[in-house]
Structures are given as structure tokens and as C-alpha cells.
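Enquirer: First the structure, which I've put down as C-alpha cells, then a few questions once you've had a look.
The values are calculated or read from the model by the stated rules, or taken from the named source; none is laboratory data. Computed from a predicted model, the values in this text were never measured in an experiment. Cβ: placed from backbone, ideal geometry, glycine included. Neighbour counts: every protein chain shown. Accessible surface areas use protein heavy atoms only, side chains included; no ligands, DNA or RNA. Shrake-Rupley method; radii C 1.70, N 1.55, O 1.52, S 1.80 Å.
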Amino acid sequence: MSVSSQYDVVIIGAGIAGTALAAALAGSGLSLALVEAQPLQRKPLPDARDVHSYDARVSALTPISIAFLDRLGAWAGVAGYRHCAYSHMTVWDADGTGRIEFDRAELDVPALGHIVENRAIVDGLLAALEGATDIAVHSPDSLQSCQRDDDGTLVLALESGECLRARLVVGADGALSRVRQMLEFRTREWDYGHRALVCTVQTAREHQHTAWQRFLPTGPLAFLPLPGKPGESFSSIVWSLQDEVAEEVLALADADFCLRLGVAFEETLGPVLATSPRFAFPLRQRHAVDYIQPGVALVADAAHTIHPLAGQGINLGLLDVAVLAEELLRAHERGLQPGRMDVLSRYQRRRKGDNLLMMGAMDGFKRLFEQQALPVRWLRNAGMRGVGRIAPLKQRLMRQALGIS
């Protein structure tokens, strides 16, 4: 093993959360390292706009997330590439008459959010990091072990043989976080028994810059608008399906899948004309009992994973990053070490409650719409109609979801 290098902050994982944190701390005077198992380099983004050219993974960024990316210098690259602002949202219950509409005009904002391909967000963040000279990048490389020294410093052994010493290690390495596992963070978690099927589809009718979501007995189905070209309309779909149903749907020929999807969506945008290859990933709710230990912090999916029905996962993760960066920069200005528990506790206090509230709400929605008992269905539909008619309540829900004060 090579001689140890010392850093104030070592970030494990260079996805959206990890690169955003690196960008937020760059130039602060803190010594930084970023460790990523995959090669960390910008790749050309495709210019084509057809059903096969979009990233299968997209995010519904709220205005507050976009503002944060803009402060980091990352949004300009995303905006210069492609994204789709949506001004309207329609949600309805497949088993009744419950329906609710949200529109940007009700909040007097330019858009409710933007659908952005995940690779475009990462590219924008990597572009923002290109001028940073105070970040040591270890890529491709991966964490092999993490131990505490006698003075509390964390010693990280990498696959390459390099050894890093860190005053603070940040686990930004996703839902299967090795940092969380190696340092034995306790979690509360359960499997939903569902998978999220994702792909890009082309529909006969325009998406109308609207995010659509239909609650089916088998799980929610979302159509998220993508930037297309004149006369053609593309959407990214996220379809929550029970495991056995997901296997069946994944095995369908493309034409049969398009027909089945069209039926499930009530052909709201006309027939589904074409589909990209389909992928599915298991849905599991997971929440770390604590996000912090002395010298360690978890952010984004490493700390919590949430059902994708409201598209809030990435937004919660970016809020984690923004708050952690704020607390670390404040501590640095005061001459405090970044791994101190009083510094990290402020991060946890500011984020844990909000994350639990959102996770609980999404889990409650998911379970509510699974119920098929007639009284529950009646109350569910009446509730949706009632919320739609009470403007102050609907506006409050919209503001909370979008992070608008």
C-alpha cells in the first residue's frame, strides 16, 4: 500500500450527489478527494432526438434543485443541452373518478419543474469541476476498507493500493453504499415487492408539457415529458409493477409492450408508437437510523431511498448536499474540523426530519392506492376531488413539493 495522503474531506461516489458536493466545496480551502469506481470523464451527449437517444434514467428537478445546480455552475450546461420544463401535472385514480390538476399559473412560476436526463446533470457537474484545482480525483478506483486510526482519523484503502486519510468521509455512493455497510450504519428498510420499469416511448399525441401519473392497482404509472422535435412527442416512463408482472412485461415484444402500456395509460396521449429497451430495478424503502458518525456523513441514496412515485429522490439528495456543504463551509470559516459531531449533527437535524416526512408521505400514498376495498376507493377519490377544489390547500401542497416558499 502506498504512503497515505491526507484530506479534509473524501467523497466516495461521483454520481449526482457526490459531484455536486465536490462542486459546492471546491475553492473553499478544504483539501478534497473524490473517489469513483467508474472512469470519471465527460462523454459526448447525443444530439439525436429519437426514442433510442434519451437516457433511460431521468429526474424531475424542482425549482430549488435547479437553483442549487445553477449556483454550482452546472445548470448552464444542462440548459444548453436539453431539458423539458413542465407547466402542468395531472394525477388520476384508475379505479374511480378522483383526479387532480396542478398548474404553474396557480403559483405564478415559470414551470413546476424540469425533466432532465441524469447523464446531462452529471455532465453539467463535471463541467463545473473542470476548473477546480483543489480536488484530487481517484478514478477508476473503489473503496476496499475503511478503518479508524487511534486519533479518530479514517483510513481508506483503495483497490489501486492507494491509502487516503480523511477528517471526514462522505458516503455518496448510492443505495448499496459501501461506506454505510463498512461502518455499520443501522438502517430501517423493507422491500415493496415491486420493480420500477423505465424506458422512453413515443406517443401519437403531444405530451403538452405535462407530467402525467395514473394510479393503477398494480402501482403508479408516470409519463414524464421529454424535449422532442416538431411533430414528434417523447416521454420517459416510470411504471411500478409487482415483481411477477414486471417479469411478464419485460418479456413482451416491443409492439405488444406498446399496446399494453397504451391500455394502462388509457391512451391519454394516443397510441404508444415506439419504445426504447426497457429496464427494471427493485423498489426498496431504506433509511439510515443516523446519517452521521464521528468523521462520517451519508447523503442522498446512501442515507435514504424513497418510492419514485413523486420523483423526489434526487431533490431530497441535492438538499442533503446543499445543507451538508453549508455546514462544512461554516465550520471551516470558524476553524473547526469537518468531522466533528457538533458540525455533522447540525446537518442531520436539518435534513432527517424533512426526509422522513417525505418518505412517510410517499409510502402512505403508495399503500393508499393499493387498497381495493370499496369504502377506501370512495374516500380516496372524494379526497382527490376535494383537494382539487380547495385552492389554498392545493397551492400549499404544490409549494411544499416544489420547495417554493
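Enquirer: When only DSSP loop residues count, what GluC sites (Glu not before Pro) in the stretch 176-234 have their Cβ near at most 12 other Cβ atoms within 10 Å?
Expert: Glu184
Enquirer: Sticking with this one: Residues with beta-carbon under 11 Å from that of Asp173, excluding Asp173: net charge, scoring Lys, Arg +1 and Asp, Glu -1?
Expert: Around Asp173, the charge tally is 0.
Enquirer: What is the antiparallel percent of DSSP beta bridges lying wholly in the stretch 5-367, to the nearest 5?
Expert: Of those bridges, close to 70 percent are antiparallel.
Enquirer: What accessible area per residue, rounded to a whole number of Å², is obtained for the stretch 5-367 using a probe radius of 1.4 Å?
Expert: 40
Enquirer: May I ask you to derive the FRET efficiency for Arg71 and Glu206 from their Cβ-Cβ distance with R0 = 30 Å, giving the value to the nearest 0.05?
Expert: 0.35
Enquirer: Would you kindly derive the ³J(HN,Hα) couplings of the stretch 267-274 from the backbone phi angles with the Karplus curve 6.51 cos²θ - 1.76 cosθ + 1.60 (θ = phi - 60°), listing them in order in whole Hz, with x for Gly and Pro?
Expert: Residue by residue, the stretch 267-274 yields 6, 4, 10, x, x, 7, 8, 7 Hz.
Enquirer: Continuing with the same structure: Could you give each residue of the stretch 7-20 its phi-based ³J(HN,Hα) in whole Hz, using Karplus coefficients 6.51, -1.76, 1.60 with θ = phi - 60°, and x for Gly or Pro?
Expert: 9, 6, 9, 10, 9, 9, x, 10, x, 4, 5, x, 5, 5
Enquirer: Okay, moving on. How would you classify the stretch 1-46 from its alpha-carbon gyration tensor, with a ≥ b ≥ c the square roots of the eigenvalues: rounded for a/c under 1.5, else prolate if a/b is greater than b/c, otherwise oblate?
Expert: oblate
Enquirer: Where a ≥ b ≥ c are the square roots of the eigenvalues of the C-alpha gyration tensor, would you call the stretch 5-367 rounded, which needs a/c under 1.5, or, failing that, prolate if a/b is larger than b/c, or oblate?
Expert: Since a/c reaches 1.5 and a/b is larger than b/c, the shape of the stretch 5-367 is classed as prolate.
Enquirer: Simple spin-label model, 7 Å along Cα-to-Cβ: Asp150 to Asp254 in nm?
Expert: The modelled label-to-label distance comes out at 6.5 nm.
Enquirer: Cα centroid distance between the stretch 42-117 and the stretch 256-322, in Å?
Expert: Going from one Cα centre to the other spans 14 Å.
Enquirer: So what are the ³J(HN,Hα) numbers for the stretch 124-136, from phi and the Karplus equation (6.51, -1.76, 1.60; θ = phi - 60°), rounded to whole Hz, Gly and Pro as x?
Expert: The phi angles translate into x, 5, 5, 4, 5, 8, 4, x, 6, 9, 10, 10, 8 Hz.
Enquirer: In addition: Does the stretch 92-149 come out rounded, prolate or oblate by the C-alpha gyration tensor, with a ≥ b ≥ c the root eigenvalues, rounded set by a/c under 1.5 and, if not, prolate when a/b is larger than b/c and oblate if not?
Expert: prolate
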